[in-house]
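*Asks:* Just passing along the structure, written as C-alpha cells.
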Amino acid sequence: MKSPTVPELLFSFKSFFAAMLALYIAMSIGLPRPFWAMLTAYVVANPLSGAVRSKALYRFGGTLLGSTATVLLVPRMANAPELLSLALAVWVGICLYISLLDRTPRSYVFMLAGYTAALIGFPVVGEPATVFDVAVARVEEIMLGIACGTVVHSLLFPQSLGPVLLARLDHALADARQWTLDLLAPATSTQGTLDRRKLAADITELRLMATHLPFDTSHLRWTADAVGALQDRLAEMIPFLSGIQDRIGVLNALSALSETEPGRSETRAWRALLEDIAKWIRQDIGDAAEEEKTAARLRRRIEEAAPAVHADASWSTVVQVNLFSRLNSLVGLWQECRRLRRTVDTGLRDAGVRADTGRTRLSPRILHRDYGLALLSSAAAVIAIVSCCAFWIVTAWPAGSAAAMMAAVFCCFFATQDDPVPGIMLFLKFTIYSIPVSAFYLLAVLPAIHSFEMLVLVTAPLFLLLGVFIARPATTGKAMAFLFGVAGTLSMHDTGTADMVSFINSMLGQIIGIGAAVIFTRLLRSVSAGWTARRLLHAGWKELAAMGQEGRKPSVSEVTARMVDRIGLLTPRLAMAGTRDDAADLAAVDALGDLRIGLNLSQLLAVHTRTETGALAMQSLIDGLSEHFRQRPEQPAAAEPGLLSRLDETLRAACASAQREAVAALVGIRRDMFPAAPPYSSQQGAGA
C-alpha cells in the first residue's frame, strides 16, 4: 500500500471532523438516530468543495421530497401492508426512472427521494402513527450531517473545483488545437494522432462537471455561462474538424492525379490558406481587437478563395466549396473559443464581470437519454423491493424491513452502469468484510465507553484510514462499502438493539436485500458494453431519420451536442467491448461520420426552408435519407445506390442555382455516406 498523500490525509481528517461534529450535535440535542447524521456527513464528502455544496443541496431536496412522500403514503395504507409495499416500491421506481433521464448531479434529488421513502417508510410500517415524527427526525439528522459536511469542507482548506475544471477545459482546448494543427499543417505537427473520440468524452465530462460550478468557492463560479458556452463551441468544432480532415484527403488525392498547371496552382492556393489559418491558431494574440481583425482578414480570404458554383462545377470544385465553408466556420469557432477563454480569465480577476457568451448556452437536457434502459432499471428496483416485502410479510421476520431498504438503495445506487451487478457484488463483498469490525465496535467497544471523547478516540483509527481510501478513485467504492457497513451497524446503538440477535438479524437483512438487488438486476437490467454501444448508435440513426420528418428542425448546436455526447458515451464502451466477438462490427461504425451527417443534414434542412429552387429534388433526397436511417438497424450495409443517384441529382440542381450552402452540405453527406463512390460529375448519368 502506498503512503497517503497530503490531500488524501486532509480529506480524511476533514471528513472525520465533520462526521464527529454532526454526531456530537445530534447527541447534544437529543436526536433519536445520531449516527445517521454522522453517516450523512461522509455521504456528502468530496475532495472538491463545490461538489460537496451541490451534493448537499440536492441531498436535502431529495430527503425532503422522500420524507413527504412517506408521510403521505404510510398512514393511508398502514392497514394494507401489501398495498403499502407496492406503493413504496412504485415510488422508488418512478424516482429512479426520472433520475436516470437527468444525466446531471441534479438526478441525485430524485434518486434520493426514492430510497429515502424506503429507508423511512419500511421501519415504521408496524407503528404508522409515528411516521411523521420519524420523518421529521430523519430530515433533522440528515440536514445536520449535510450542514456539518458542507461547513467543514467549505471553510477548512477548501479544494476548489475551479482549478480542476479549468485545467481540464484548457486540456480539451489544447487537444482541439493540436487536432486542428495536425490536419491544417501536418508537416509542422509535433505530436501523434489524437484519439478524436476521447476529446468527445472529455467534453461530455466537462459539461457534467460544470453543473457543480455555481456552488464552487472560487471566482470561476461567476463565469459558469462562459465555461458552458466554451464547451458548446468545442463540441461544435468536432464535426467541422473531422469533415475538414476528410475533404483535405480527397483534394490531396485529386491533386496527385492532376497534371495540369491550373490544377497545381489551385492546390497551392488552398494549401497556402490552410497554412495561414494554422499560423493564426498557433499564435497567442493577446489583444482582442487585433485578433478580431486577423480573424476577419482570414474569413475574407476564405470567401475570396472559394471557387464559384455553377452548373458545370467539377468534383474538385464542389469539394473545395465544402472545405472553404467549413474553414470559415472553423475560424469563427476558434475566434469565439478564444474570446470566451479571455472572458473566463476576466471573471477570475473580477468577480463582478458577467460573461457575454454571445449565444444561448445549451442546457444539459439536450444530452442523450435512454428511456428504455431507465424503464428496465425502474422495473428491476420495483420487483426486487416487492419480492423482499413479500418474504417479509409471509415470514413475519422482524428484520425484513432491512432487506426491503437495502434492495431499494442498491438498485438505485448502481443503476447508471451498463451492468450494475459487479458494482453491487463488490459492495456486498466489502459489507460482509465489515461484519467482524462492526460486531467488535457494536458489541464490545461501545458498551465499554461512556464519553464522547472516548468514542472519538476509538473510532478515529478506522475512519481516518477509510477516509484515505475513499479519497483514492481506485478504492473509493470498496472503502465506502466498508464504512457504510460499520457506520450503519453503529446506528443500532441508537435504538437500544445492540445485542447479538439483533445484530445477526440486521446483517442477514442487509445481505438478503443486497442479494435480491443482484438477482433481479441480473435478470432484468444487466447488459453488456457492446449492447449499450449498439443502442447508442441506433439512437443516433433514429434521430437522423426523424430530422427530415414532421417539420422537426433542431438547431445545429443541439444536434451536434447530443451526437458528441453519444460519441463520448461510445468511446469507453467500444474499448470494453474489445474482447467480444461483435467488437469488430462496433469498431467499424464511424460515429464521427454520423455526427457529420447530422451537421450537414441540419444545414440542408435550413437551406430547404429558405429556397424554392430544386425544392422537389431536395425533399426527395431528405425523405430518402430518413428512410435509410430508419432501416439501418435492420440493414446495416452501405446505403443503396439509388440514394447516391438522388444525392447527385440534388447536387446538380444546387450547383445550377448557385446555392453554395446547399452544395457544401450535399458534398459532406455524399462523402460521409459514400466514401468509396466514384467522383461526382456534373453530367447526368456520369461518375456515379
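*Asks:* Quick one: length gained pulling Ala656 to Arg349 fully straight, 0.36 nm per residue minus the C-alpha distance?
*Replies:* Here the segment from Ala656 to Arg349 would lengthen by 105.1 nm.
*Asks:* What does the charge count near Thr294 come to, summing +1 for each Lys or Arg and -1 for each Asp or Glu among other residues with Cβ under 14 Å from its Cβ? Write out the running numbers ahead of the final one.
*Replies:* Numbers: positive: Lys279, Arg282, Lys293, Arg297, Arg299, Arg300, Arg301, Arg338, Arg339; negative: Asp276, Asp284, Asp287, Glu290, Glu291, Glu292.
Around Thr294, the surrounding residues sum to +3.
*Asks:* Could you put Arg349, Arg339 in order, starting from the residue whose Cβ has the fewest other Cβ atoms within 10 Å? Provide the component values of the computation, followed by the final result.
*Replies:* Working: Arg349 8, Arg339 20.
Fewest-to-most ranking of Arg349, Arg339: Arg349, Arg339.
*Asks:* Hey, can you rank 167-178, 644-655, 148-159 by average C-beta count inside 10 Å, highest first?
*Replies:* Top of the packing list down: 644-655, 148-159, 167-178.
*Asks:* Around Val518, what is the net charge, scoring Lys/Arg as +1 and Asp/Glu as -1 over all other residues with Cβ under 12 Å from its Cβ?
*Replies:* Details: positive: Lys429, Arg522, Arg525; negative: Asp419.
So the environment of Val518 carries a net charge of +2.
*Asks:* A follow-up question, please. Among Lys2, Lys542, rank each residue by its count of other Cβ atoms within 10 Å, from fewest to most, as a rough exposure measure. Spell out each step's value before the answer.
*Replies:* Numbers: Lys2 6, Lys542 14.
Ranking Lys2, Lys542 by Cβ neighbours within 10 Å, fewest first, gives Lys2, Lys542.
*Asks:* So what's the net charge close to His310: Lys and Arg +1, Asp and Glu -1, counting the other residues with Cβ under 15 Å from its Cβ? Don't jump to the answer; show the numbers that get you there.
*Replies:* Working: positive: Arg652, Arg660; negative: Asp312.
Local net charge: +1.
*Asks:* What is the fewest-to-most order of Cys337, Cys95 by other Cβ atoms lying within 10 Å of their Cβ?
*Replies:* Values: Cys337 19, Cys95 28.
With the sparsest Cβ surroundings first, the list reads Cys337, Cys95.
*Asks:* Let me ask something else about it. Would you mind checking the pairs Lys478/Lys542; Lys2/Lys429; Lys55/Lys542 and listing those with alpha carbons more than 28 angstrom apart? Kindly include the intermediate steps, with their values, before the conclusion.
*Replies:* On the way: Lys478/Lys542 39 Å; Lys2/Lys429 23 Å; Lys55/Lys542 34 Å.
From the list (Lys478/Lys542; Lys2/Lys429; Lys55/Lys542), the Cα-Cα distance tops 28 Å for Lys478/Lys542; Lys55/Lys542.
*Asks:* How would you order 595-602, 114-121 from highest to lowest mean count of nearby Cβ atoms within 10 Å? Kindly include the intermediate steps, with their values, before the conclusion.
*Replies:* Numbers: 595-602: 24.6, 114-121: 28.2.
Put in order of decreasing packing, that is 114-121, 595-602.
*Asks:* I'd like the distance between the alpha-carbon centres of segment 39-110 and segment 402-467, rounded to an integer number of Å.
*Replies:* 20 Å
*Asks:* From the P(r) of segment 8-97, can you give the percent of Cα pairs sitting at distances over 23 Å? Write out the running numbers ahead of the final one.
*Replies:* Working: 1732 of 4005 pairs.
Tail of P(r) above 23 Å: 43 percent of Cα pairs.
*Asks:* With a point put 7 Å past each Cα toward its Cβ, work out how far Asp284 is from Ala296 in nm, to one decimal.
*Replies:* 2.6 nm
*Asks:* If we sort 411-420, 306-315 on the protection proxy, mean other Cβ atoms within 10 Å, highest first, what's the order? Intermediate results must be reported in sequence, preceding the final value.
*Replies:* Numbers: 411-420: 22.0, 306-315: 15.8.
Top of the packing list down: 411-420, 306-315.
Where a number appears in this text, it was derived from the coordinates with a stated rule and is not lab data. It should be emphasised that the depicted structure is a prediction, and the values quoted were computed from it without experimental measurement. For neighbour counting, all protein chains shown are included, and Cβ atoms are generated from backbone atoms with ideal geometry for every residue, glycine included.
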